[in-house]
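Working notes for the structure below.
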Amino acid sequence: MEHNFIARLIKLSKPLYIGWALFIAILTLLPGKLLPPIDWDFLSLDKFIHFSVFLIMAFLGGTSLKLSSWKDKISNPTIISMLIAILYGTILEYLQTLIPQRAFDYADLTANISGSIIGIVIFMVFYKIFIK
């Protein structure tokens, strides 16, 4: 069962990675009026969501770049995956300045970057335990 799950994860890693990146873009670029009116503070659900979605993105990126057919085309795919997630999170934060009722938030950016780093660390542990 475990081996079957890992094989499926590797096989589906590219579409999952791309789909997840699109999902993040849709959520982060929605106009503010479409979001629920919740008082956000630094240690809020909002920051946890930012952290979690970028953790998942970095993990899926690591899987896609290091374990799929792309692995031979990219040098150091784990670091590249983390940098892609960090850059993507940064770009999306800046793009929010163009969306009505949205704004750039350093706390969100910090959560995005932290999630990306922890996601890659989790991927590296996963790789070491289940793949190598």
Are any of the residues in region 107-114 touching a Leu at 6+ places or on another chain (Cβ under 7 Å), part of a helix (DSSP H, G or I), farther than 25 Å from H3 by Cβ and modelled with pLDDT under 95?
no
Checked region 77-103 for anything surrounded by fewer than 18 Cβ atoms within 10 Å (Cβ to Cβ) and either of a type in the set (K, R) or not in a helix (DSSP H, G or I) (or both); matches are I99, P100, Q101, A103
For region 68-102, give me the residue count where each residue is modelled with pLDDT under 90 and of a type in the set (G, A, S).
3
Which of the residues that make up region 49-72 are more than 16 Å from S13 (Cα to Cα) and either free of Cβ contacts under 8 Å to residues at least 24 places away in the same chain or surrounded by fewer than 24 Cβ atoms within 10 Å (Cβ to Cβ) (or both)?
I49, F51, S52
L30 being modelled with pLDDT of 85 or more and in a loop (DSSP other than H, G, I, E, B):
yes
Which residues, taken from region 7-22, are exposed (fewer than 15 other Cβ atoms within 10 Å of the Cβ) and farther than 15 Å from M57 by Cβ?
A7, R8, K11
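The values are calculated or read from the model by the stated rules, or taken from the named source; none is laboratory data. Everything numeric in this text was worked out from a predicted model, so none of it was measured. Heads up, the Cβs are rebuilt from the backbone with ideal geometry, glycines too, and the neighbour counts pull from every protein chain shown.
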